[in-house]
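Novice: Below you will find the structure I want to go over with you.
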Ligand code: 6PG
């Protein structure tokens, strides 16, 4: 298992520790290479993370920001993952817009996925069939164990060859665009940030339960990721903590 987890008193301290780790990881990478690449997720748990990152000493002129996934909505939509990051990180952190690689959720899903693949292919200068190696990826975990826009039962959970795809999420009756497992598993470093008691048993199962990634997509990354760090508040980490050998 490549996952290490840390539990913090509350949501904000978990996010703050995650932000410090993100900063240190990007700075370390930039000592060895001219640029770094960072892919972020959406939802509600990243809000304090993005807020903290906007004030930390990250040389954003050398970091390219991508998304793990995006809802099939325009960028100004309340559900847009871009809008969330734009308001909490991109604008306050004064990130250079040339380094922001938005998924164009306003386009038809398949076209949005195609454009995103083209953008990634160009940025990483990929050969046909080659997958990008992100410096760092941030993922969250939904109450059903989904991560990115890989929901339980989605055949895309098996896809280790393509970069991204559009997918229909039945339970939400919406399309999404998501990076695929081959890319997420290739990331040099991954952070999972999660909070809330409703995820406690789930996270324990993700980290320690029987391996069933089609049922719990987050398990794929928790178990097979290269270097995975979990930042949990006490509520979300309660079940895991109760079983740790003291
Ligand atoms: C999204 C995210 C998604 C998120 C989880 C957790 O677009 O919604 O990328 O995978 O990480 O749903 O969401 P919360 O942080 O809101 O619990």
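Novice: P(r) tail for the stretch 121-165, what percent of Cα pairs lie past 14 Å?
Specialist: Distances greater than 14 Å cover 60 percent of the Cα pairs.
Novice: In terms of the ratio Rg/(2.2 N^0.38 Å) built on C-alpha atoms, what value belongs to the stretch 54-150?
Specialist: Taking the Cα Rg and dividing by 2.2 N^0.38 Å, one obtains 1.12.
Novice: Hey, another quick one. Given Cα pairs under 8 Å that are at least 6 residues apart, what percent is the relative contact order of the chain?
Specialist: Relative contact order for the chain comes out at 26 percent.
Novice: May I pose another question? Taking only DSSP H segments of four or more residues, each worth -39500 (n - 2.57), what value at 222 nm results for the chain once the sum is divided by all its residues, to the nearest 500 deg cm²/dmol?
Specialist: Counting only the DSSP helices, I get -10000 deg cm²/dmol.
Novice: May I ask what percent, to the nearest 5, of DSSP beta bridges between residues of the chain are antiparallel?
Specialist: Restricted to the chain, the bridges split so that about 30 percent are antiparallel.
Novice: With a/c under 1.5 counting as rounded, go ahead and sort the stretch 131-222 into rounded, prolate or oblate using the C-alpha gyration tensor (a ≥ b ≥ c being the square roots of the eigenvalues; past the cut-off, prolate if a/b is larger than b/c, else oblate).
Specialist: Oblate is the answer for the stretch 131-222, as a/c is 1.5 or above yet b/c matches or exceeds a/b.
Novice: Take the alpha carbon gyration tensor of the stretch 67-121, find the square roots of its eigenvalues, order them as a ≥ b ≥ c, and report rounded if a/c is under 1.5; if not, report prolate when a/b exceeds b/c, else oblate.
Specialist: Oblate, since a/c reaches 1.5 and b/c is not below a/b.
Novice: If contacts are Cα pairs under 8 angstrom and at least 6 residues apart, what is the relative contact order of the stretch 24-115 in percent?
Specialist: It comes to 29 percent, rounded to a whole number.
Novice: Let a ≥ b ≥ c be the square roots of the eigenvalues of the Cα gyration tensor of the stretch 1-99; is it rounded (a/c under 1.5), or, if not, prolate (a/b larger than b/c) or oblate?
Specialist: oblate
Novice: Ignoring solvent entirely, what values of log10 I(q)/I(0) come out of the Debye formula for the chain at 0.09, 0.11, 0.13, 0.14 Å⁻¹ when each Cα is a single scatterer?
Specialist: Values returned for q = 0.09, 0.11, 0.13, 0.14 Å⁻¹ are -0.34, -0.52, -0.75, -0.88.
Every number here is computed from the coordinates shown, using simple stated rules; none is lab data. These numbers were taken from a predicted model, which means no experiment stands behind them.
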